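Notes follow once the structure below has been shown.
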Amino acid sequence: MIRDGFGRPAFAEPPADTGWPSGARLCLGVTADPGRQLLALMRDLPVALSVHTVPPGPVRELLLPFTASERRHIQEVPADRRAHRLAQLWTRKEAALRLTGPGGLATVDEIDALSEARDGKVVIPASRAHPGGVAYVHDLPAGPQTVACAATTAPAPGVRMWQPDFPEAQPTT
């Protein structure tokens, strides 16, 4: 296993039983939400994941890290759907930031997960702390009260996410 420039794991060669051609690179994305861990594998494309539980209650106080167009997008749905839409936009931003490297959180209110995101493209502006870049986001099915998103460095035909069934850690005595 190797690591890319941001420390994300990648396999220099795929395992022999995958059927993928020699020279293909497997990239792994891992994220955790309370109570679960999620994995994504991509061939030859770095991948990053974000997953969040939909927040309960009003979203008014949570709108700060969003652009004006994103705020309108959130506010245009009925009140009972706003938290879901907010969480969906947040996972898009977070996955894109994780993909493009550390230091981008300061620019989160400048990242518009809507403007060009119709084709999945999210532009991360450069700043002193972050090099900027482009990510292609993919909303993933995660359940009624959970949202998930993967980001890749180029358009991808599809991203799959797995939730491994890890046994609960048992306390040692």
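Restricted to the stretch 125-144, and to residues that are among the hydrophobic types (A, V, I, L, M, F, W, C) and at pLDDT 85 or above, which residue is most open to solvent (accessible area, probe 1.4 Å)?
Top of the filtered list is V134.
Can you tell me which residues in the stretch 40-84 are assigned to a helix (DSSP H, G or I) and either over 21 Å from A95 (Cα atoms) or open to solvent by 80 Å² or more (accessible area, probe 1.4 Å) (or both)?
Across the stretch 40-84, the qualifying residues are R60, E61, R71, R72, Q75, A79, D80, R81.
The values are calculated or read from the model by the stated rules, or taken from the named source; none is laboratory data. Here the structure is a predicted model, which is why all the values come from computation and not from measurement. Surface accessibility is based on the protein's heavy atoms, side chains included, excluding ligands, DNA and RNA. Shrake-Rupley method; radii C 1.70, N 1.55, O 1.52, S 1.80 Å.
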